[in-house]
Each structure stands twice: as C-alpha cells, then as structure tokens.
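Just so you know, all these numbers are worked out from the coordinates, no wet-lab data involved. Not measured: the values here are computed from a predicted model. Cβ: placed from backbone, ideal geometry, glycine included. Neighbour counts: every protein chain shown.
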Amino acid sequence: MNEDPYDVLGVKRDASQEDIRKAYRKLARKLHPDLNPGDKAAEEKFKAVSAANDILGDADKRARFDKGEIDASGNERPPQPPPGWYRDHAGGGGGGPYTSDAGYADMMDEDDLLGALFGRGARRGGGAQFRMQGGDIHARLAIDFLDAVNGGTKRVTLPDGSTVDVTIPPGTREGQVLRLRGKGSPGMGGGPAGDLMVEVSVGEHRHYTRRDDDILLDLPVSLPEAVLGGKIEVPTPAGAVMVTIPKGSNTGTVLRLKGRGVKKRDGSRGDAFVTLRLVLPDKPDAELEAFAERWAAGKAQNPRAGMES
Amino acid sequence: MADTNDRLGRLRLQATMIESWVAQGWIAPAQEYSDADLARACLIRDLREAMGVNDEGVGVALDLLDQLHGLRRALRRVGDVMHGLPEPARQEVLVILRELDEA
C-alpha cells in the first residue's frame, strides 16, 4: 500500500478534516466487505481506504505524513483480526441464527422443487417433519395413428384401477413421453404428488405413413386418369381434398399437397406427398387388348432400357 | 469475564455497546458470544462509525444483509444441486436457462 493516501481517498491535499471524513465514509459504504459478500476484491480496496483514513483521518498523523515524518506504507493495515468478516460466518452451511429466508419466501409454494432446493421444507414445523414428493408413475399408451397426427384424448387405466384422460397433443411422435403433473403417487407429509409419465406408441395406418411432419400416401389411379389427367378426391389426415392429376402422369409421380400433413404445435401442418400408382382394370378388357395389339409406339417403348442385367 | 473483555478489546468493541445491540435485537447470542456474533458486532461498529449509518439505518442494513445471505445460501444450494446432476440433465437445464434468457 504505497499509494498516496490522498489519491486513495480521492481528496485534495488541502481538504478539510470534514471533507476527508465524508470521502472515507462514502468509500467505506461502497467497499465494506460485509456489504459486498460475493466480491473478494472489495476487501483489498477497503483495506487500502481504511489505511489511508488511519493517516488522514487523524489530524496529527496527517500533519506528520505531510511533513514526511511517516509514509503510507508504515501504516499498512493488518488483515481483519479473528473472527474475520461477518460475511464469512453468515455464508456458512448452517446459516447461523441470522440468515433469513424472507428474501425468497414468496417463491416457495408455487412449485415444491424450489422449496426442496432452497432448503425450506425441512425448517418448517421445527425441522423434524418429513416431507417428500410422491413418486412418478410410468405407463404405456397405444394410440391411433390419426390421434397422434391430429391430437385427441385417450383414457388410461392406472395400476390402482383409477382412470385418467390423457390429452394427446397434435403431432405426437412414437416413443414420446407425456407428463401429467400431479397424477403420480401421492406425496408424504404434505408433499406434492408425483407425475404420471405416459410413453406413447403410435399405431400404423392402412394408407398413410409418416415422415416427421409430412404424410406419405400411395394413391391408385386408373389408366384413363393417368393418361388424360383429371380431378380426383384424395383422402388426407386433414380431410379429403380435390386434386388435379396432370395429363400424362405415371406410377411414381409425386404430388405435394401443402398443409395437409401432420398438425404442428403452432397450428400449421406439414405436407402430404401423394405417390401415384397406375392400376390396370381388374378384369382383362378386350378393347384395351385390341388397342395394345395395334399400338406400334407402345410396343416400340422399352421401359427397361438402361437397366443392367 | 476478563477473557471476554480481552477479546472485545482486541476487536475495538465495548461490552456495554454490544449489550445495547443485543437489546436492539441486532445480535442474538446464545450463552457466549460466538465468532459470528462478534463478527456481526464488528460490522455494526463499522456501519455506525466508519460509514456514519444511524441506528435506524443499521436495523435496515442488517435486515437486508440477513436476507441477502439467505438468498446466497439458497442460490449456492441450487448451484450444488446443478453441479451434482448427471451431464444430460445439466445440459437440459442449461438449454432451458438459455431459452429463458433469449425470451
């Protein structure tokens, strides 16, 4: 601490004793280690300010310092004598008799998690009370493909025979776990009940398959529909929709139906992708056979060109 | 008794002052003054002398400090719990905190 005490306190050399006292008080209020419990550096600064005040706050010592009879380093402050700063006692594990929970008392009953973390539950009722959250119950639930896509509700029967209606959010995925707060085992000693954790398995659909938020669908079309094009009705999870088949469509042609897929959280939907599949008549048709017989261009086409043997 | 006075003298404390602070409810000793009691007394002395806080102000400052230490202890507990969590759960909490910050 060889710094000039006048600089440390931020006062002029001709400052009055009253000015010095004010400057010191202002700095002490700001830097006192017990008012800065988390700031290790505050202690060093406070020591420097106190040492400066020990010289300048005393008119006699100040006069001797000004005359050069003593210097700033000679008045270095020893470390805080035992028991040290109050902050080092108040911060301890036990908390002592002084530590107050009034600073977070309003944050408690909302969620017992906070109570457990802030160590309050044990202190209530004399500290001997045992308070514990109930356990979670795990259950599995098979749901329909369309309920997973569009959302719905499903009744679950628990091991104890009671039933719970589970809300299935739209867009639920295979293996997703739905948490029903407070539907698990009851708590002990006034603790809250645990949660019911429902793992979902999604069933298959006869026509639809799912790829994230999109729906894939094979759609059979007749020969005339494929060749000539036309409007046909297509079922989707979002309801049937009229779709125009372009002229000259083929097996494997994919049509994208925007917003006809899986419902998302924000209310919008993924897309449906319709793959056309050309289907010939069930029974042999004489007219079609006759046409194919005389259809030179058709016969000349080799759809397997480019296939390796 | 002489022992206690010795101890107080080294800390620049006077028995009569501490007794009046006990009467104010600022210090709550058990049988003897504990280290925490004496450190608290030094703080009260600093508040009154070095910082020029009056008696009403000392009560307010102590009350707020007691709350601050309660909060610090609670926060440290939360931190300890966080520290002891398995890594995936820790990451999950960090992600939630980050999302809260961004919101």
Listed residues A:Ala297, B:Leu8, A:Gly187: farthest to the positive end of the dipole of the protein assembly as shown (Cβ charges): A:Ala297
Could you point to the residue in A:Gly57, A:Pro81, A:Ala41 farthest towards the positive end of segment A:5-87's charge dipole, with +1 and -1 charges on the Cβ of Lys/Arg and Asp/Glu respectively? A:Ala41
How high is the relative contact order of chain B? Use alpha-carbon pairs under 8 Å, at least six apart in sequence, and give a whole percent. 14
Inter-site label distance for A:Asp66 and B:Leu97 at 7 Å from Cα along Cβ, in nm: 5.4
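Please state the charge dipole magnitude for the protein assembly as shown, taken about the Cα centre, from unit charges on C-beta atoms (+1 on K and R, -1 on D and E), reported in debye and rounded to the nearest 20. Don't jump to the answer; show the numbers that get you there.
Values: 57 positive and 65 negative charges, 176 e Å.
It works out to roughly 840 debye.
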Expressed in nm to one decimal, what extension gain is obtained for the pair A:Arg265 and A:Asp213 from 0.36 nm per residue of sequence separation less their Cα-Cα distance? 17.7 nm
Quick one: if you stick a label point 7 Å off each Cα along the C-beta vector at A:Gln17 and A:Arg155, how many nm between them? 9.0
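Work out which helices of chain A, taken as complete DSSP H runs, extend at least 18 Å along their axis over the Cα atoms and score a mean Kyte-Doolittle of -0.5 or more, then list them. Don't skip to the end; give the middle numbers.
Working: long enough: A:17-31 (21 Å, -1.42); A:41-56 (23 Å, 0.11).
Helices meeting the span and hydropathy rule in chain A are A:41-56.
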For chain A, what does the relative contact order come out to in percent, with C-alpha contacts under 8 Å and a separation of six or more? 11
Please work out the FRET efficiency for the pair A:Ala102 and B:Asn5, using the Cβ-Cβ distance as r and a Förster radius of 41 Å; give the result to the nearest 0.05. 0.70
Can you put A:Leu56, A:Leu276, A:Leu228, B:Leu11 in order, fewest other beta carbons within 10 Å first? A:Leu228, B:Leu11, A:Leu276, A:Leu56
Only helices counted: for chain A, with every DSSP H run of 4 or more residues adding -39500 (n - 2.57) and the sum spread over all residues, [θ] at 222 nm is -7000 deg cm²/dmol
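How much net charge surrounds A:Gly203 when only other residues with a Cβ under 10 Å from its Cβ are counted (Lys, Arg +1; Asp, Glu -1)? Let's see the in-between values first.
Details: positive: none; negative: A:Asp144, A:Asp147, A:Glu174, A:Glu204.
In short, -4.
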Relative to the longest principal axis of the C-alpha atoms of chain B, give the angle of the C-alpha long axis of helix B:87-102, reported between 0 and 90° and rounded to the nearest 10°. 80
Neighbour counts of other C-beta atoms within 10 Å: give me A:Ile55, B:Ile96, A:Ile215 arranged from fewest to most. B:Ile96, A:Ile55, A:Ile215
Roughly speaking, what is the centre-to-centre gap between segment B:79-103 and segment A:202-274 when only Cα atoms are used, to the nearest Å? 42
For the A:Asn250, B:His83 Cβ pair and Förster radius 51 Å, calculated FRET efficiency rounded to 0.05 is 0.25
